[in-house]
Amino acid sequence: MSDLGWLTARPVAHRGFHDAAAGRIENTLSAVAAAADRGFSIEIDVHLSADGEVFVFHDDTLDRLTEGHGPTAGLAMADLRKVPFKATADRIPALDDVLDLVAGRSTLVIEVKSRFGARQRDLVEAVAAKLARYDGPVAVMSFDPRMVEDFGVVAPALVRGIVADDARDPHDYGDLDDAARADLAALAHRPWSGFQFVGYWVDLLPNAIARRVREEWRLPLLTWTVRNPAARATAAAHADQMIFEGFDPEA
């Protein structure tokens with residue numbers, strides 16, 4: 001675990017250090033800059049645009065955060081940049097924009113969004129190509145162990161992790177049968193996915209799986225998403241670092 005100490009050294013700002021009241025919306029350059037300025041590590045989410053650009057956004061649709069409507073799939077990067085957010089002058093950034101802004105000042109933890117229905121090797125390859133030119137501490141992670149496995153093939157030197165929970169949410173896992181969900185929840189794919197750290201849902205801590213990650217496998221355990229004092233106490237007791245939002249952990 002010691003050689004990945006940089007991954008757990010600082011609290012991780014979930015989708016950047018965002019605060020809607022202050023005009024900093026999640027996964028925007030304003031939120032990323034605020035996190036970097038405070039020295040927090042930074043978690044962001046990425047997808048692939050229709051023209052092969054890696055862009056930073058969480059949802060599959062535009063509606064929640066922007067003035068746009070409908071799915072992001074099918075939109076080119078230039079079209080994504082034109083969509084205004086509801087509460088800020090920021091626009092949807094490309095991963096390159098984030099890399100240029102952070103420039104090695106903070107650790108980046110990049111969640112590569114999975115749809116489970118497809119292998120998405122093109123997204124893995126696009127992210128790996130961007131990060132091959134980046135000089136700074138960075139790790140990738142995904143809910144989909146196939147994507148973690150692909151990073152091990154495409155970019156074996158890149159630190160890669162699995163995002164995990166109980167695999168019960170029908171929105172996220174509805175296309176998978178019960179056996180596949182059970183394997184995901186148990187992290188049974190470790191021998192072939194090759195994850196090097198785990199991002200684990202704080203609401204499930206403590207449990208036997210998380211203990212195995214830390215005590216038997218000796219891998220770092222980040223936990224998400226910490227939003228209140230109770231969750232923070234759970235993270236401190238049962239994880240190596242928290243992925244937080246909605247408060248300043250150093251205030």
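Quick notes on this structure:
- Each residue of the stretch 11-17 was assigned a 3J(HN,Hα) from its phi angle through the Karplus expression (A = 6.51, B = -1.76, C = 1.60, θ = phi - 60°), giving x, 9, 7, 5, 6, x, 8 Hz with x at Gly and Pro.
- Calculated Cα extents along the principal axes in Å (choose from (i) 65, 46, 31; (ii) 54, 35, 33; (iii) 48, 42, 35), label: (iii)
- ³J(HN,Hα) computed for each position of the stretch 173-183 - Karplus, 6.51 cos²θ - 1.76 cosθ + 1.60, integer Hz, glycine/proline x: 10, x, 7, 9, 7, 4, 5, 5, 5, 5, 5
- Amide H partners (placed H, <5 Å) of residue 19, local residues excluded: 24, 25
- At q = 0.12, 0.20, 0.23 Å⁻¹ the log10 of I(q)/I(0) for the stretch 79-189 amounts to -0.52, -1.10, -1.22, computed by Debye summation with a single uniform scatterer per C-alpha, solvent ignored.
- Vicinal HN-Hα couplings computed from phi for the stretch 87-93 (Karplus, 6.51 cos²θ - 1.76 cosθ + 1.60; Hz; Gly/Pro x): 9, 7, 7, 4, 10, 4, x
- Length gained on full extension, residue 59 to residue 103: 13.3 nm, using 0.36 nm per residue less the C-alpha separation.
- Contact order, relative form, for the chain: 17 percent (alpha carbon pairs under 8 Å, 6 or more residues apart, mean separation divided by residue count).
All of the numbers you see were taken from the coordinates with simple rules; none came from a lab. What you are looking at is a predicted structure, and each value in this text was computed from that prediction instead of being measured.
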